[in-house]
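K.L.:
One structure coming up, written as structure tokens, with questions to follow.
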Amino acid sequence: MTDWATRPVDVGPSRWSFPPPALWPDDDVVATGGDLEPPTLIAAYRSGIFPMSLAAMPGVMVWWSPNPRGILPLDNLRVTRSLRQSAKRYEARVDTCFADVIRACSDPSRESGWISDEFIDAYSTLHRLGWAHSVEVFDRTGTLMGGLYGVRVNGLFAGESMFYRQRDASKVALIGLVDLMRHTGMTLLDVQWQTKHLESLGAIEVPRDRYLSLLREAIQTGP
């Protein structure tokens, strides 16, 4: 895969202010309102917050900071022998078809699908500005079989969603992402919530205050 050598475009300050962590409730939802403009999104990720729509609040932007938070320590990625063998059938690339990846992740037939056209437009803009990235996995015929996308801020990669069309393709994308993060000196892979699937790959849960500490280090020391 290629590197993330291009620096992102400075998006400037957000016109919105998120409440400080001391005022966040124990609940995962910490704020509502605002917009999905680039300055708002980058300010949110720098603060440990991300947006996700909520069926119970249609038309309202909802901002989350899960407690506990799911992360995948880069040295904790579990790659089984069978997964290593499976990975040989694929080629991982970065930022070659972001639009295809986010569209696949937004498939409305997926359980608990939440990625609307509004989110696709917002993250596609972040991609054009150099903040959002995708890792794509192709089979030997050059067909897209899986991938993931998320937002990079210095040493943080905030994973948003992944998909697969063939066995292990999304896992191979994750392997590629971790390799790229290690190569570029990044330190924090945020997976939002720990799931059984992510746990099997090495994801763990940490308290919110621990996540925010790791986030500060990633933002300050990242490339």
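Throughout, read-outs are computed from the coordinates displayed, never taken from laboratory work. Predicted model, so just to flag it, every value in this text is computed and none were measured. Note that each Cβ is placed from the backbone with ideal geometry, even for glycine, and that neighbours are counted across all protein chains shown.
K.L.:
Are there trypsin sites (Lys or Arg not before Pro) in the stretch 68-163 that DSSP marks as loop and that have at most 10 other Cβ atoms within 10 Å, and which are they?
P.N.:
The qualifying sites are LYS88, ARG140.
K.L.:
Can you list the GluC sites (Glu not before Pro) in the stretch 58-148 that are in a DSSP coil and have 14 or fewer other beta carbons within 10 angstrom?
P.N.:
GLU111
K.L.:
For the stretch 21-64, what class follows from the C-alpha gyration tensor (a ≥ b ≥ c being the square roots of its eigenvalues): rounded when a/c is under 1.5, otherwise prolate if a/b is larger than b/c, else oblate?
P.N.:
The shape class here is oblate.
K.L.:
Relative to the longest principal axis of the C-alpha atoms of the chain, give the angle of the C-alpha long axis of helix 38-47, reported between 0 and 90° and rounded to the nearest 10°.
P.N.:
90
K.L.:
Which residue, GLY142, PRO39, PRO68, has the largest displacement toward the positive end of the dipole of the chain when charges sit on each Cβ (Lys, Arg +1; Asp, Glu -1)?
P.N.:
It is GLY142, whose Cα lies furthest towards the positive end.
K.L.:
A further question follows. Please state the charge dipole magnitude for the chain, taken about the Cα centre, from unit charges on C-beta atoms (+1 on K and R, -1 on D and E), reported in debye and rounded to the nearest 20.
P.N.:
Value, rounded to 20: 780 debye.
K.L.:
Would you work out if the stretch 127-210 is rounded, prolate or oblate? Take a ≥ b ≥ c from the square roots of the eigenvalues of the alpha-carbon gyration tensor; rounded if a/c is under 1.5, else prolate when a/b is larger than b/c, oblate otherwise.
P.N.:
Note, shape of the stretch 127-210 comes out oblate.
K.L.:
What's the magnitude of the charge dipole for the stretch 13-142 around its Cα centre, counting Lys and Arg as +1 and Asp and Glu as -1 at the beta-carbon? Answer in Debye, nearest 20.
P.N.:
Computed charge dipole of the stretch 13-142: roughly 680 debye.
K.L.:
Let me ask you something else. Quote the charge dipole size of the stretch 1-69 about the Cα centre in Debye, to the nearest 20; the model charges only the Cβ of Lys and Arg (+1) and of Asp and Glu (-1).
P.N.:
120
K.L.:
For helix 117-128, what angle does its Cα long axis make with the longest principal axis of the chain, in degrees from 0 to 90 and rounded to 10?
P.N.:
70
K.L.:
What do the square roots of 5 times the Cα gyration tensor eigenvalues come to for the stretch 69-221, in whole Å, largest first, as semi-axes of the equivalent ellipsoid?
P.N.:
Over the Cα atoms of the stretch 69-221, the ellipsoid semi-axes are 22, 19, 15 Å.
K.L.:
Given a cut-off of under 8 Å on Cα pairs at least six residues apart, what relative contact order in percent is computed for the chain?
P.N.:
Averaging sequence separation for qualifying contacts and normalising by length gives 25 percent for the chain.
K.L.:
To the nearest 10 degrees, how steeply does helix 208-221 sit against the main Cα axis of the chain, on a 0 to 90 scale?
P.N.:
Between helix and principal axis, roughly 70 degrees.
K.L.:
Further, regarding this structure: So, how do all the Cα-to-Cα distances of the stretch 1-130 break down into 5 Å bins, in percent, from 0 on up?
P.N.:
Whole-percent P(r) values from 0 Å outward: 2, 8, 14, 16, 19, 18, 12, 7, 3, 1.
K.L.:
With springs connecting C-alpha atoms under 10 Å apart, model the chain as a Gaussian network and identify which of VAL60, VAL101, VAL135 has the largest mean-square fluctuation.
P.N.:
VAL60
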